[in-house]
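*Asks:* My structure is below; once you've seen it, I'll send some questions.
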Amino acid sequence: MRLASLCLAVAASAWSLPVCAQSQPSFLAVLADADMVPTVYETGELGPADPNHRDTLAIIGLPLAAGARPTMIEVSNSVYGPPGGLALSRDARFAFVAEILRPRPAGATKLSEMLAGSVIRSVDLRRERGPAIIDIVDVGTQPQAIALNPSGDLIVAMTTDVDRELSFVPVRDGRFGQVKRVGLGLPPSSGLIPLRSTWVEWHPSGTWSTGHRSHFTRSSEVRMDR
């Protein structure tokens, strides 16, 4: 049995209802990384290359039913880093997937041979013929985590680019607007993970976003005035 690395999110709305109309989750959105295995952080070795396995986004209906199969679409993703590469729109129509690492290059067997990603993809989950990627935007090197603001119209991404770690991306009907980059002035990490920051989250007001340092001891706040 092949071991896979996963990241998931829970949608708290029905396919045809707004988020306020139903309190029970209607589906799980799950990212599957075809290249990583649980031991990669220790050994640096990728899983066996298999042309039949691809990075995917799977939609699993709730409640779970015997014999039901998930709806799947190929979307490049990576679980290398914190589990923050997946976000859902407020109405659960769109999934936003960050590409931390690109798909495995031909012949690559080690984590060190993987190339950095730089984009977020928007997936429309309600297309009649099944989920489809409808837009893509470059936000900077290795987006570690993404978060959608409470209003549902602005995505923030934490990247590894020095002096411009944060990227803010307007989004409307699943389509991306012009990216704005902001630096946090973070000093080099003093922790075991050689990253300045690995996580980002919105304040409930939607006015502030907070980027967390990789060794979990400090945070930086950015105020958004639009």
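The values are calculated or read from the model by the stated rules, or taken from the named source; none is laboratory data. Remember, it's a predicted structure, so these values are computed and weren't measured experimentally. Neighbour counts run over all protein chains shown; Cβ positions are idealised from the backbone, glycine included.
*Asks:* If you go through region 21-33 one residue at a time, do you hit one that is surrounded by fewer than 21 Cβ atoms within 10 Å (Cβ to Cβ), without any contact (Cβ under 8 Å) to a residue 40 or more places away in the chain and in a helix (DSSP H, G or I)?
*Replies:* yes
*Asks:* I'd like to check which strands (runs of 3 or more DSSP E) are fully inside region 110-226 and have at least 3 residues that are of a type outside the set (Val, Ile, Thr), at pLDDT below 90 and more than 26 Å from ALA29 (Cα to Cα). Let's see the steps before the verdict.
*Replies:* Numbers: elements: 119-124, 132-138, 145-148, 154-158, 166-172, 180-182, 197-202, 208-213, 219-223.
The qualifying strands (runs of 3 or more DSSP E) are 219-223.
*Asks:* So which residues in region 114-137 are more than 15 Å from the chain's Cα centre (by Cα) and aliphatic (A, V, I, L, M), if there are any at all?
*Replies:* Scanning region 114-137 gives MET114, LEU115, LEU125, ALA132, ILE134.
*Asks:* Considering (1) hydrophobic (A, V, I, L, M, F, W, C); (2) at pLDDT below 95; (3) closer than 28 Å to SER112 by Cα; (4) within 20 Å of the chain's Cα centre (by Cα), say which one ALA92 fails and leave the rest.
*Replies:* (3)
*Asks:* Something else about it: Scan region 96-108 and report the pairs whose first residue is touching a residue at least 60 places away in the same chain (Cβ under 8 Å) and farther than 12 Å from VAL79 by Cβ and whose second residue is surrounded by fewer than 19 Cβ atoms within 10 Å (Cβ to Cβ) and not small (Gly, Ala, Ser), with Cβ atoms within less than 7 Å and a gap of 6+ or a chain change.
*Replies:* Note: no pairs meet the criteria.
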